Amino acid sequence: MQRVVLMLVVLVTLVAFWRMTRPEPPMTDLQAEQLTWDQFWLTYLEPQLPVAGGFALPLFPPDGSGAYVKRSFRERQNLGEDWDLEPGRPEKNPAVNAVADGLVILADDFGAVWGKVVIILHRMPNGAPWPAVESMYANLQTLQVHKGDIVTKGAPLGTLGSTPVSATPELHFEIRTELGHMLGPGEADLAEGWVNPTKFIEEHKN
């Protein structure tokens, strides 16, 4: 019995000595590259998005017949357009539609501030004049999409109607060329990163 115990002690000692003296495996020389946001976007994110083949107006597409711009871009520092229904329209709660193919990055209810809001990220064809733009639709009465949904041009996002911020149906609509503003201020002295929505859509119908 003593001999067995002695052999076990010797074996454990030899294993411990071997583990202490064995050479370490060579370290792999990894070159860590710090990507800028633009590089990360172009390499990993942009290729996953559908390409916006063309744009249409958000109400009664494609030409918006039945609605009009009540408050235009930059009127009283407006960063978008405020759309209203033409008098006598039978549709009291018309659909608000995606202006182009894209990815829903926000769809939520912000109560008395903005009502229900949808923001869509659109990948521009050939990356020109911007790799991507965002469209924002605010003051919706209902939502029909969720964050992460892929939508096509003309897909219903929700309905327009009276909200805590507007007693009558009125769509606040923006096109952003600078990404990541999310809700944004709605009004500002400078409009860098925002463009005239109707003009943009006219220039990118096809």
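The values are calculated or read from the model by the stated rules, or taken from the named source; none is laboratory data. Just so you know, these numbers come straight off a predicted model, no measurement behind them. Positions of Cβ are generated from backbone atoms using ideal geometry, with glycine treated the same way; all protein chains shown enter the neighbour counts.
Scanning the range 117-140 for residues that are aromatic (Phe, Trp, Tyr) and either within 13 Å of Val99 (Cα to Cα) or modelled with pLDDT of 95 or more (or both) yields a single hit, Tyr137.
The residues of the range 187-196 that are closer than 28 Å to Gly66 by Cα and surrounded by fewer than 15 Cβ atoms within 10 Å (Cβ to Cβ) amount to a single one, Glu187.
Per the listing Ile119, Ile105, Ile201, the residue uniquely closer than 18 Å to Pro50 by Cβ, among the hydrophobic types (A, V, I, L, M, F, W, C) and in a helix (DSSP H, G or I) is Ile201. Selection of the range 47-68 for residues being surrounded by fewer than 20 Cβ atoms within 10 Å (Cβ to Cβ) and either touching a helix residue (DSSP H, G or I) at 6+ places or on another chain (Cβ under 8 Å) or under 12 Å from Ile201 (Cβ atoms) (or both) yields Val51, Gly53, Gly54, Ala56, Pro61, Pro62, Asp63, Gly64. Any idea which residue in the range 141-153 is surrounded by the most Cβ atoms within 10 Å (Cβ to Cβ), counting only those that are modelled with pLDDT of 95 or more and under 24 Å from Phe73 (Cβ atoms)? Among residues in the range 141-153 that are modelled with pLDDT of 95 or more and under 24 Å from Phe73 (Cβ atoms), the one surrounded by the most Cβ atoms within 10 Å (Cβ to Cβ) is Val151. Here Pro125 does not qualify as touching an Asp or Glu at 6+ places or on another chain (Cβ under 9 Å) and surrounded by fewer than 19 Cβ atoms within 10 Å (Cβ to Cβ).
Residues considered: Leu179, Leu157. Of these, the only one that is hydrophobic (A, V, I, L, M, F, W, C) and within 12 Å of Pro58 (Cα to Cα) is Leu157.
Each row is one residue, and each column tells you yes or no for (1) under 17 Å from Ala112 (Cα atoms); (2) surrounded by 12 or more Cβ atoms within 10 Å (Cβ to Cβ); (3) touching a His at 6+ places or on another chain (Cβ under 6 Å); (4) modelled with pLDDT of 95 or more.
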| position | (1), (2), (3), (4) |
| --- | --- |
| Ala167 | yes, no, no, no |
| Ile175 | no, yes, no, yes |
| Leu179 | no, yes, no, no |
| Pro185 | yes, no, no, no |
| Thr198 | no, yes, no, yes |
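Looking at the range 120-134, can you tell me whether even one residue there is under 28 Å from Gly88 (Cβ atoms), more than 17 Å from the chain's Cα centre (by Cα) and not aliphatic (A, V, I, L, M)? For the range 120-134, residues under 28 Å from Gly88 (Cβ atoms), more than 17 Å from the chain's Cα centre (by Cα) and not aliphatic (A, V, I, L, M): absent. If you scan the range 90-102, which residues turn out to be in a loop (DSSP other than H, G, I, E, B), buried (at least 21 other Cβ atoms within 10 Å of the Cβ), out of contact with any His (no Cβ under 6 Å at 6 or more places or on another chain) and not β-branched (Val, Ile, Thr)? Ala98, Asp101, listed by residue number.
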